[in-house]
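The next block holds one structure in the form of structure tokens; read it before the comments.
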């Protein structure tokens, strides 16, 4: 069990980043990652609102892409209030925290920016959706409030003792880096095979595939096997080429 | 089961009042009470931060004293991070929400202001302390974040269905108004009997008594009986006088 990283995707207001850092520190979490913060980093408004959590109690890393921010993670949860029409399990905070605690590798919780929440592409890279029982007529949670709810849920579960049972996996789970590498490999070969035609279908088809792949809970061994299969298919079609990942 | 009222005691920043109202609306709560807000009421900064929750989705009442704000409540919980050295049960959010849901009368959750948290006098009027598993070295939760944690806890429990069991009380619980009236009556007679001597002992002794009384879960009938007993004692000492509550 490793404490989760919290990842703010395209956050806008430094005040919310600071408030998020403060409540992470309140509940003993220290791994904050920012993807493309609007106002750059560091941000004085964030420091002020953090009440001392920044820059030393909570450590911040900045990334350009979600893929890079979650590369070392074995489980990724996407917080969202809106139904997404994606085939993902939807968890409440208690279930989400239980999943985090059962994962032996680093975990991540994604939070969307103030204006639009998480982009669909980020949700598609996640194992499950974490949702809160908000009123339909007033569903928009403040970013730092959403962070507070997950941080508190984690601390409360941690205070209650070790998780009841670790997942009994024979093989190590794949990191998100390995899984993304596998999906990109697959998509490249599909592309070369003319699968994404017409071009307008590329985004929705990629998203559907990624939703299916991320739902499966791949082990590192399975990722390796699948990549071998894709390669074999491509060679059979005479289209394989050297990939940097191979 | 009635949704709880949230009471902010001496809140300072309008922004925090607005953020508290917003997250109450997120989780379907609408009864916000302010005791002596520093900047008066209404407060434009609160309206702005409420994202539309104020003034219509969440209703605000303003009081001068905690006693008046909790007068109609049958259960009062005090949120505090600091140990208070008071003989009160300390509940986590899950237990606190369970208690709220079991109470057939209105309930209240007290939140302290930004600078100093809840005054001891307000904690002494509460049935129990609601505390969060914060890091000792970074224990100060933002006011609106504390509100968010309780609001979410309530909504999550409510979404899971009706409470497992209502308290099986033969008699109706006393409202806090009745309980405070009883304590004040008792304290007045004690005062007349010279109990609070020397004067420096008045505050700690009153607080100890109130802690003991509020821990007992009085029914309305028991309050009535106790007041009769106090009155009888006072008459026996020849010191009874007409009280407005009698």
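Rule-based calculations on the coordinates, nothing more; no lab input. Computed from a predicted structure; not experimentally measured. Cβ: placed from backbone, ideal geometry, glycine included. Neighbour counts: every protein chain shown.
Remark: spin-label model distance residue B:59-residue B:114 equals 2.9 nm, labels positioned 7 Å along the Cα→Cβ axis. Per residue, the Cα convex hull of the range A:5-159 amounts to 103 Å³. With the convex hull constructed from alpha-carbon coordinates only, the range B:1-72 shows a mean projected area of 4.4 nm² over all directions. Extents of the range B:72-151, taken as max minus min of Cα coordinates on every principal axis and listed largest first, are 38, 24, 20 Å.
Placing a label point 7 Å from the Cα of residue B:114 along the Cα-to-Cβ direction, the distances to the matching points in the other copies come to 1.6 nm, shortest first. Neighbouring Cβ atoms from other chains, within 10 Å of the Cβ of residues in B:144-155, number 6 on average. Computed on the range A:31-115, with alpha-carbon pairs under 8 angstrom and 6+ residues apart, the relative contact order is 32 percent. Peptides A:103-110, A:146-153 ranked from most to least packed give A:146-153, A:103-110, packing being the mean of other C-beta atoms within 10 angstrom over each peptide's residues.
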